[in-house]
Amino acid sequence: MQLTHQLVMEIIQKGIDAGLKRNFQVAVAVVDGNGRERGVVRHDDALYVTPQLALGKARLAAAYRNNTGAMFARLQKERPLYGATVAALNDRNDWFLAEGGMAIVIKQGDREICHGGVGVSGCFPATLDQEIADEIVQWIKSR
């Protein structure tokens, strides 16, 4: 699978539309498997900070090849000190430890390959950001 500019644009539009369906104006970010930005768009009426938060969630998801919502919940409950350490690295790594990021992990043969991450920001509660990110990745996998 390749994150072409066309696919990135479709991902972002799907995320914006999913936010509107839930009555929220969101920003959606897509990064490649190395956390490099492929695209970020903020809905006209979303808060100005949402693109940076969405991008940080996408980068964290790609870095850990995981769902940031599950990671956030697990670290709060089971490993708060490690969670604080990861959060302390937010600025250094341009990531954001919060719900709303999902890695794009595709099984290829006997390996799982991380092709990137999707981040969403702008919903309240942030569990809705996570729902949107999860839906987008499911859509990517179904293509």
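The values are calculated or read from the model by the stated rules, or taken from the named source; none is laboratory data. Worth saying up front: this structure is predicted, and the values here are computed from it rather than measured. Every residue, glycine among them, receives a Cβ derived from its backbone with ideal geometry; neighbour counts consider all protein chains shown.
When the residues of segment 83-106 are filtered to those that are under 14 Å from the mean Cα position of the chain (by Cα) and at pLDDT 95 or above, the one that is farthest from LEU60 (Cα to Cα) is VAL105.
Do we find a residue being closer than 25 Å to ALA27 by Cβ and buried (at least 23 other Cβ atoms within 10 Å of the Cβ) anywhere in segment 77-84? Checking segment 77-84: not a single residue is closer than 25 Å to ALA27 by Cβ and buried (at least 23 other Cβ atoms within 10 Å of the Cβ). Being buried (at least 18 other Cβ atoms within 10 Å of the Cβ) and either modelled with pLDDT under 95 or small (Gly, Ala, Ser) (or both) is a description that does not apply to GLY109. Is it true that some residue in segment 7-16 is modelled with pLDDT under 95 and surrounded by 17 or more Cβ atoms within 10 Å (Cβ to Cβ)? So far as segment 7-16 goes, no, none of its residues is modelled with pLDDT under 95 and surrounded by 17 or more Cβ atoms within 10 Å (Cβ to Cβ). Within segment 25-44, is there a residue that is modelled with pLDDT of 95 or more, within 23 Å of SER142 (Cα to Cα), in contact with an Asp or Glu (Cβ under 7 Å, 6 or more places away or on another chain) and of a type in the set (Val, Ile, Thr)? Yes, that holds for at least one residue.
Mind listing whichever residues of segment 21-42 are part of a loop (DSSP other than H, G, I, E, B) and in contact (Cβ under 8 Å) with a residue 24 or more places away in the chain? I'd like the intermediate steps shown before the answer.
Residues of segment 21-42 that are part of a loop (DSSP other than H, G, I, E, B), as a first pass: 22-26, 33-36.
Result: ARG22, PHE24, GLN25, VAL26, GLY33, ASN34, GLY35.
Kindly establish whether ALA58 is farther than 29 Å from ARG92 by Cα, touching a residue at least 24 places away in the same chain (Cβ under 8 Å), surrounded by 20 or more Cβ atoms within 10 Å (Cβ to Cβ) and not aromatic (Phe, Trp, Tyr). Steps first, answer last, please.
Numbers: farther than 29 Å from ARG92 by Cα: no; touching a residue at least 24 places away in the same chain (Cβ under 8 Å): yes; surrounded by 20 or more Cβ atoms within 10 Å (Cβ to Cβ): yes; not aromatic (Phe, Trp, Tyr): yes.
Spelling it out, it is not the case that ALA58 is farther than 29 Å from ARG92 by Cα, touching a residue at least 24 places away in the same chain (Cβ under 8 Å), surrounded by 20 or more Cβ atoms within 10 Å (Cβ to Cβ) and not aromatic (Phe, Trp, Tyr).
Taking each residue of segment 88-110 that is under 16 Å from GLY33 (Cα atoms) and looking for partners that are among the aromatic types (Phe, Trp, Tyr) and modelled with pLDDT under 95 with beta-carbon atoms closer than 8 Å, six or more apart or interchain, yields ALA103/TYR64.
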